[in-house]
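The values are calculated or read from the model by the stated rules, or taken from the named source; none is laboratory data. These numbers were taken from a predicted model, which means no experiment stands behind them. Note that each Cβ is placed from the backbone with ideal geometry, even for glycine, and that neighbours are counted across all protein chains shown. The protein model used for the area step is the full one, side chains on, heavy atoms only, and it has no ligands, DNA or RNA in it. Shrake-Rupley method; radii C 1.70, N 1.55, O 1.52, S 1.80 Å.
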Amino acid sequence: MKWDFASVFANTDALLVGAAGTLRIFAICLVLGLSLGLVVGLGRYARNQWLHWPATAFVEFFRNTPVLVQILWFYFALPILLPFSISPLAAAALGISLNSAAFSAEIYRGGIQSIEPGQWDGARALGMSWGQAMRRIILPQALKRMTPALTNRAIEIFKMSTLASVVAYVELLQQGKLIASLNYNPIEAYTAVAVIFFVFLWPLVQFTYLLERRLGRSE
Amino acid sequence: MSYRWDFTPVLASSALLAEGLVNTLKVTGVALACGLVIGLALALMRLSRHQLASWPAGFVIEVFRTTPPLVQLFWFFFALPLIVGIEMTPFMAAAVTFSIQSAAFFAEVFRAGIQSIERGQWDGARAIGMTNAQAMQRIILPQAVKRMIPAFMERAIELMKTTTLVATISYADLLFAANEVSQKSFRPLETYTVVALIYFVVIFAASQLSRLLELRLARSGESTVH
């Protein structure tokens, strides 16, 4: 068995296109997932039943079904109910974003609940409304505690982005498949893709460890 | 809405879907069992003072935790058979990938659990003449495992969701059965909705069970690790 990475290096262009696709869907899902997650998390935290129950149903449904099933549902099933078709990017981004929103909602809720009631009392004593207290007092402190969990979510989103290849969205793994089938070099092609993901993700993972240690020391 | 839902083609394929669910549970069970055993070995190696044991274990854990599961699965299915020269069935590739992958995650749970046990327990075991291995086996692990139960359950549930990836290498799990039924019946909406609900019922039940266990452990005053 002789390893020959020349056939992979000859396709650097294709891998760059794939990397751009991976970064694009990662960015979309990160922004959509984490911001929608905050909305759903606030809904879960709310006492109002009309906010609490829909948010809870959303979280339970998206946390308790596989993300690949969600993506395939958005790609194959949803267009039947709509007057237009759904692109691979849209289907994958929808599935991954909603799934991440459900998981991050629980992080936000946990973070907000972890703030001592005294902080609320203090904010109210200063005459702040609920919204003001949440925005200026509670969330800034909660966000600090949530950072490691949210960074972990970002890493999960990056890994999940490979599932977009199942609906033929052009990202790194999809390009790896293409290179492997055109050059008959699955060993080198898939090893290269694995190494690229590792190089992207390893610093992020180390950063999370560092954050966890820092936070563990300060709180 | 003008669309008329028709679940009869999906119901007619319930045998196929049931078989798919059994295969999903099979691959989850095998990966879980192997993952626990390999995970304990990796954790003990990583905690070892010998660099020759701790470094390779650390490497395996880091690689499998920081690369996407689908890339791992493709590597084991398409690349590994060419390197070692043996045929890999989709089931074998899936079992190997998810066993090592969950072992990497379980190893960190084991490590956290073992490290959470107070030093006094080690001292006590040594004081009554136990070797390190005896202390680990009889004193430390039994206490640590109890604290790890919620984390194990959580990981097992994640594993079950991740096994849907095996459909991409044509292992006949529940999702693969869904793809087939959907294509044959031209009823993707009904098929994927039903299959999503099946996953939901199974995984939701497992999540509730895990929550119940965690509550019970918390009530008995046991601390847990994550």
With everything on Cα atoms, drop me the angle between helix B:188-219 and the longest principal axis of chain B, reported from 0 to 90° to the nearest 10.
20
All other residues with a Cβ under 13 Å from the Cβ of B:L197 taken together, and with Lys, Arg as +1 and Asp, Glu as -1, what is their net charge?
-2
Per the 1.4 Å probe, what fraction of the accessible area of the range A:1-83, in percent, lies on carbon and sulfur atoms?
72
Can you tally the net charge around B:A218? Count Lys and Arg as +1, Asp and Glu as -1, for every other residue whose Cβ sits under 14 Å from the Cβ of B:A218.
+3
Report, to the nearest whole %, how much of the accessible area of the range B:8-219 belongs to carbon and sulfur atoms, 1.4 Å probe, protein only.
68
What are the ³J(HN,Hα) values, in whole Hz, obtained from phi via the Karplus relation 6.51 cos²θ - 1.76 cosθ + 1.60 with θ = phi - 60°, for each residue of the range A:68-78 in sequence order, with x given for Gly and Pro?
5, 5, 4, 4, 5, 5, 5, 7, 9, 8, 4
Please compute how much accessible surface disappears when A pairs with B, both sides summed, using a 1.4 Å probe, and round it to the nearest 100 Å².
3400
Between beta-carbons, use under 12 Å as the cut-off and find the net charge around A:V59, counting Lys and Arg +1, Asp and Glu -1.
+1
Residues in the range A:162-184 that a label on B:Q183 would reach, taking backbone N under 14 Å of a point 7 Å out along Cα→Cβ
A:167
In this structure, the FRET efficiency calculated for A:D121 and A:L23 from their beta-carbon separation, with R0 = 56 Å, to the nearest 0.05, is 0.80
Cα centroids of the range A:50-113 and the range B:53-126: how far apart, whole angstrom?
29
Pairing the Cα long axis of helix B:90-116 with the longest principal axis of chain B, what angle in degrees results, from 0 to 90 and rounded to the nearest 10?
40
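Rolling a 1.4 angstrom probe over the protein heavy atoms, how many square angstrom per residue are accessible across the range A:21-172? Before the final figure, lay out each step's value.
Numbers: 6470 Å² over 152 residues.
The answer is 43 Å² per residue.
What FRET efficiency comes out for A:A168 versus B:D123 if R0 is 56 angstrom and r is the Cβ-Cβ distance? Round to the nearest 0.05.
0.40
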Round to the nearest 10 and give me the degree value, 0 to 90, for the angle of helix A:186-218's Cα axis relative to the longest principal axis of chain A.
20
Chymotrypsin sites (Phe, Trp or Tyr not before Pro) restricted to DSSP loop in the range A:150-219 with at most 15 other C-beta within 10 Å:
A:Y184
Modelling each spin label as a point 7 Å along the Cα-to-Cβ direction, I'd like the A:H52/B:R138 distance in nm, to one decimal.
5.1
What are the ³J(HN,Hα) couplings of the range B:120-133, residue after residue, when phi is run through the Karplus curve with 6.51, -1.76, 1.60 and θ = phi - 60°? Round to Hz, x for glycine and proline.
x, 5, 5, 4, x, 4, 5, 4, 8, x, 7, 6, 4, 5
